[in-house]
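Engineer: The structure that follows is given in the form of structure tokens.
No value in this document is a laboratory result; all are computed from the given coordinates. Everything quoted here is computed from the prediction, not taken from an experiment. A quick note on method: Cβ atoms are made from the backbone with ideal geometry, for glycine too, and the neighbour counts reach across all protein chains shown.
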Amino acid sequence: MVTWEDNYAIGVEAIDEQHKELFQISNRIYDLLKNDLITDKYDSIIEIIEELKNYTIYHFEAEEEYMKNIGYKKLLSQKVAHNDFLEKMEGIDLEQIDNGHNEYLLGILDFVCEWLVEHIIKEDRLIVG
Ligand SMILES: [Fe+2]
């Protein structure tokens, strides 16, 4: 699980809401993974991973647009970080997930959530200065 903390807010409402949404989508995957009552949950998990990827693309575009509009100087390094992250997401082996390799999925989820928190507090919080 990844929990939103008030100090993750960067002070731009639209971006903060998008960050919260990314946490929520990720938590839906954690919830399903932990739920032992659903027998075949991996199709649903894969659907949510696709949703997470698409929402991440939408969010990065919106965030980059915002940085461009305010003339943010570190836009380029943000873009590099965003693209690296998207590449990592594209590299997720859905077959391993579909085959029920929970450890693999948990590793991916932990990576995604840790990256998001780190990126928000170390990079995104600098956007508004
Ligand atoms: Fe960012």
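Engineer: Given the Cα atoms of region 47-129, and with Rh set as the inverse mean 1/r over their pairs in the Kirkwood sense, what is Rg to Rh to two decimals?
Structural biologist: Expressed as Rg/Rh, it is 1.04.
Engineer: What do you get for the angle between helix 75-90 and the principal long axis of the chain? Use alpha-carbon atoms, 0 to 90 degrees, nearest ten.
Structural biologist: 10
Engineer: Would you mind checking region 44-63 for residues with the amide N under 12 Å from a putative spin-label position 7 Å along Cα→C-beta of Leu86?
Structural biologist: 53-63
Engineer: In deg cm²/dmol and to the nearest 500, what is the mean residue ellipticity at 222 nm of the chain if only DSSP H runs of at least 4 residues count, each as -39500 (n - 2.57), divided by the residue total? Write down the numbers at each step before the final one.
Structural biologist: Details: 5 runs with 92 residues, N = 129.
Taking each H run of at least 4 residues, the total per residue is -24000 deg cm²/dmol.
Engineer: Between the helical axis of 13-34 and the dominant principal axis of the chain, each derived from Cα atoms, what acute angle in degrees is found, rounded to the nearest 10?
Structural biologist: Rounded to the nearest ten degrees, it is 10.
Engineer: What is the local net charge at His82, summed over the other residues whose Cβ is closer than 14 Å to its Cβ (Lys, Arg +1; Asp, Glu -1)? Intermediate results must be reported in sequence, preceding the final value.
Structural biologist: Numbers: positive: Lys53, Lys68, Lys74, Lys79, Lys88, Lys122; negative: Glu61, Glu63, Glu64, Glu65, Asp84, Glu87, Glu90, Glu118, Glu123, Asp124.
Once positives and negatives cancel, what remains is -4.
Engineer: Determine, at each q value in 0.21 (inverse angstroms), the log₁₀ of I(q)/I(0) that the Debye formula gives when each Cα of region 1-65 is one equal point scatterer.
Structural biologist: -0.87
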